[in-house]
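The structure under discussion appears below in the form of structure tokens.
The values are calculated or read from the model by the stated rules, or taken from the named source; none is laboratory data. Note that the structure is a prediction, hence the values are computed from the model and not measured. Quick reminder, even Gly has a Cβ in these numbers, built from the backbone with ideal geometry, and neighbours come from all protein chains shown.
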Amino acid sequence: MRRKLAAGNWKMNGLAPAMNEADALQAAHRNTDIDILLCPPATLLHRLSGRLAGSPIATGGQDCHPAESGAHTGDISAAMLVDAGATHVILGHSERREDHGESSEDVRAKARIAIEAGLTAVICVGESETQRDAANTLDIIAGQLAGSIPDIANASNLVIAYEPIWAIGTGKVPTLDQIGEVHDFIRARLERRFGEGVGLSTRILYGGSVKPDNATDIFEVSNVDGALVGGASLKAVDFSLIIKALEAAGKH
């Protein structure tokens, strides 16, 4: 049985007072039976990790550099994330792939260094609206999976997040059948590459306008093991409702 995971990506949002939202989340889910992850901006990571120490809520970074260290002004290494208290790092998010021109090969290099540093890599894949309309979704996903996941990955250091680009922050959500098709496809690809053990044990999250009012239905879809949540993770009251929906799904 794969343990459910609710991950919140704060993106470039949050100053010190935002940590109060994490406090509220921690108070509401002290005895949860799922995994919860918050990925705040780098400026809050160390403070938030200390604040959540001993709680069921883990912390993660939103990116890392593929080198261990060096002359890379403004970048953060995987070891630095670990030093700040992180256990996970989001890699290959569509906003990184688009805004920073990151290729799947770049993501693969980052994932390798992250895993070697002891982090769990949350690797994002997803298609654009143009690619979806051209019926190229599964080909795009296949290419991103093959190019982005390093050979050293396994079920304990890898999470896949399917985030259709056209649904991120737009309010648009794929049909449940469309979500299920992609998640089933990802599962099959993982099994084919890594074998049944790793393939069946690796968690696959859905992301893309996940909100309290659609979470329950999404979590009932085949091979959806949780969610990577953007805007709705910024407020404890909203993210808590999503977490509760996932907790309920895990008891089915």
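A compact table of results
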read-out: Matching residues in the range 233-250 - criterion: being in contact (Cβ under 8 Å) with a residue 60 or more places away in the chain and not hydroxyl-bearing (S, T, Y); value: L234, K235, A236, V237, F239, I242, I243, L246, E247, A249, G250
read-out: Condition met for V210 (part of a loop (DSSP other than H, G, I, E, B), among the aliphatic types (A, V, I, L, M) and modelled with pLDDT of 95 or more); value: no
read-out: Set S55, S49: member being in a loop (DSSP other than H, G, I, E, B) and within 18 Å of L25 (Cβ to Cβ); value: S55
read-out: Residues (over 11 Å from I113 (Cβ atoms) and buried (at least 18 other Cβ atoms within 10 Å of the Cβ)) located in the range 83-98; value: A84, G85, A86, H88, I90, G92, H93, S94, E95, R96, R97
read-out: Selected residue [among the hydrophobic types (A, V, I, L, M, F, W, C), buried (at least 18 other Cβ atoms within 10 Å of the Cβ) and touching an Asp or Glu at 6+ places or on another chain (Cβ under 6 Å)] from I218, I204, I243, I186; value: I204
read-out: Output for the range 108-136, where each listed residue is part of a helix (DSSP H, G or I), touching a residue at least 40 places away in the same chain (Cβ under 8 Å) and closer than 29 Å to G50 by Cβ; value: K110, A111, R112, I113, A114, I115
read-out: Search result, residues across the range 149-162 that are closer than 19 Å to R132 by Cβ and among the small types (G, A, S); value: A161
read-out: Top-ranked residue in the range 15-28 [being touching a Ser or Thr at 6+ places or on another chain (Cβ under 7 Å) and in contact (Cβ under 8 Å) with a residue 60 or more places away in the chain; ranked as surrounded by the most Cβ atoms within 10 Å (Cβ to Cβ)]; value: L25
read-out: Residue selected from the range 146-157 under the condition touching a Phe, Trp or Tyr at 6+ places or on another chain (Cβ under 9 Å) and crowded, with 18+ Cβ neighbours inside 10 Å, by the criterion farthest from S201 (Cα to Cα); value: I149
read-out: Any hit, the range 34-52, residues being touching a helix residue (DSSP H, G or I) at 6+ places or on another chain (Cβ under 7 Å), farther than 14 Å from A114 by Cα, hydroxyl-bearing (S, T, Y) and crowded, with 16+ Cβ neighbours inside 10 Å; value: no
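Yes/no matrix, rows are residues, columns are (1) over 22 Å from P150 (Cβ atoms); (2) under 15 Å from the mean Cα position of the chain (by Cα):
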position	(1), (2)
H183	no, yes
A227	yes, yes
F239	yes, yes
A245	yes, no
A248	yes, no
